[in-house]
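Beneath this line is the structure, given in structure tokens, with notes to follow.
The values are calculated or read from the model by the stated rules, or taken from the named source; none is laboratory data. All values derive from a computational prediction rather than experimental measurement. When we count neighbours, we look across all protein chains shown, and the Cβ atoms used for this are built from the backbone with ideal geometry, even at glycine. These accessible areas exclude ligands, DNA and RNA; they are computed on the full protein's heavy atoms, side chains included. Shrake-Rupley method; radii C 1.70, N 1.55, O 1.52, S 1.80 Å.
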Amino acid sequence: MKSSMFEFLILFLFASQSLSVYAGNFNKDVQIHWGDGRGKIHDSAGSLLSLSLDKSSGSGFQSNQEFLYAKAEVQMKLVPGNSAGTVTTFYLKSPGTTWDEIDFEFLGNISGHPYTLHTNVYSKGNGNKEQQFHLWFDPTADFHTYCITWNPQRIIFTVDGIPIREFLNSENIGVPFLTSQPMRLYASLWEAEHWATRGGLEKTDWSKAPFIASYRNYNVEGCAYANGKSSCPSNKPWYTQALDVKGRNRVRWAQGKYMVYNYCTDKKRFPQGPPRECT
Ligand SMILES: *[C@@H]1O[C@H](CO)[C@@H](O)[C@H](O)[C@H]1NC(C)=O
């Protein structure tokens, strides 16, 4: 009882910190590049954007700028009710067949059952680095802050300011890291019944369509990339950000209590032993 009160206080402190984020402007910063009107910006300040999905199409937006390293943050409120088969995303990706990618993907579920937060990292077209979590709150009841910090040393995934995963640059032991391909930010709402519901176990309930997810307080600080050159703002804390003892304890807390899948411990998939970066 005591410890859950303590946890609650910690979460509260973090949640209140994340309220002070500077908000970008969807009108200036992104294009709704997919969905034929299903994606909408709701105000002239460009602070609120919604994506929708129906039987004929999903929708999505992408950042105007490309970045080579960035801290990308947004608040999301996910599809409520029966969201089985829907996937809501916020991710970074480079083009081409040997692309780099850093993913937050939220797999919907039937009413009353938890979403799965799927994270993955691709380098040079190779993913296979999935970690999945349940959340300690209902992500459909309100907006929560999701952030990807990508710097030359590491990738940190945070939820409401709490780091849940750190992926280190392990080039020194021969694991490719994301160091050379500029990426754009993307967000989308799409249907993936087969993938998202363990082989189509749950059917998407199209009678509940259109499904809607909302985004606000979009904010990217990054090294903008244009004409073969990257310009980095100097002295940005995120560029050298690492996890301190507190941060590592929070990762341990999130992974201990809420992680539901970790590729590093999947012996069936990696009978020869876990991938190098796991140890
Ligand atoms: C849906 O909820 C069940 C628990 O009730 C969980 O086992 C399953 O992984 C969830 N599915 C998704 C796609 O999150």
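Tabulated values for the structure
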{"quantity": "PHE67 within 24 Å of ARG154 (Cβ to Cβ), more than 16 Å from the ligand (Cβ to nearest atom) and surrounded by 21 or more Cβ atoms within 10 Å (Cβ to Cβ)", "calculated": "yes"}
{"quantity": "Criterion: in contact with a Cys (Cβ under 6 Å, 6 or more places away or on another chain) and away from the ligand (no atom under 15 Å from the Cβ) - qualifying residue of THR158, THR98, THR145", "calculated": "THR158"}
{"quantity": "PHE137, sole failed condition from (1) under 12 Å from the mean Cα position of the chain (by Cα); (2) loosely packed, with under 15 Cβ neighbours inside 10 Å; (3) not acidic (Asp, Glu)", "calculated": "(1)"}
{"quantity": "Answer from ALA187, ALA196, ALA213 - the residue that is surrounded by 16 or more Cβ atoms within 10 Å (Cβ to Cβ) and either β-branched (Val, Ile, Thr) or modelled with pLDDT under 95 (or both)", "calculated": "ALA196"}
{"quantity": "Matching residues in segment 117-132 - criterion: being surrounded by 20 or more Cβ atoms within 10 Å (Cβ to Cβ), of a type outside the set (A, V, I, L, M) and near the ligand (Cβ under 10 Å from one of its atoms)", "calculated": "HIS118"}
{"quantity": "Check on ALA254, assigned to a strand (DSSP E or B) and in contact with a strand residue (DSSP E or B) (Cβ under 6 Å, 6 or more places away or on another chain)", "calculated": "no"}
{"quantity": "Residues located in segment 181-224, provided they are within 16 Å of the ligand (Cβ to nearest atom) and hydrophobic (A, V, I, L, M, F, W, C)", "calculated": "LEU189, TRP190, ALA192, TRP195, ALA196, LEU201, PHE211, ALA213"}
{"quantity": "Residue match in segment 79-89 (condition: closer than 24 Å to PRO163 by Cα, modelled with pLDDT of 95 or more and more than 16 Å from the ligand (Cβ to nearest atom))", "calculated": "no"}
{"quantity": "Residue match in segment 161-178 (condition: modelled with pLDDT of 95 or more, under 21 Å from SER230 (Cα atoms) and of a type in the set (Val, Ile, Thr))", "calculated": "no"}
{"quantity": "CYS223, sole failed condition from (1) outside any strand (DSSP E or B); (2) hydrophobic (A, V, I, L, M, F, W, C); (3) open to solvent by less than 90 Å² (accessible area, probe 1.4 Å)", "calculated": "(1)"}
{"quantity": "Residue within segment 199-209 that is of a type in the set (Gly, Ala, Ser), touching a strand residue (DSSP E or B) at 6+ places or on another chain (Cβ under 8 Å), more than 26 Å from CYS264 (Cα to Cα) and part of a strand (DSSP E or B) present", "calculated": "no"}
{"quantity": "Output for segment 101-110, where each listed residue is touching a residue at least 60 places away in the same chain (Cβ under 8 Å) and either surrounded by fewer than 24 Cβ atoms within 10 Å (Cβ to Cβ) or more than 16 Å from the ligand (Cβ to nearest atom) (or both)", "calculated": "GLU101, ILE102, LEU107, ASN109, ILE110"}
{"quantity": "Complete set of residues in segment 226-243 that are assigned to a loop (DSSP other than H, G, I, E, B) and either over 18 Å from SER63 (Cα atoms) or in contact (Cβ under 8 Å) with a residue 12 or more places away in the chain (or both)", "calculated": "CYS232, PRO233, SER234, ASN235, LYS236, GLN241, ALA242, LEU243"}
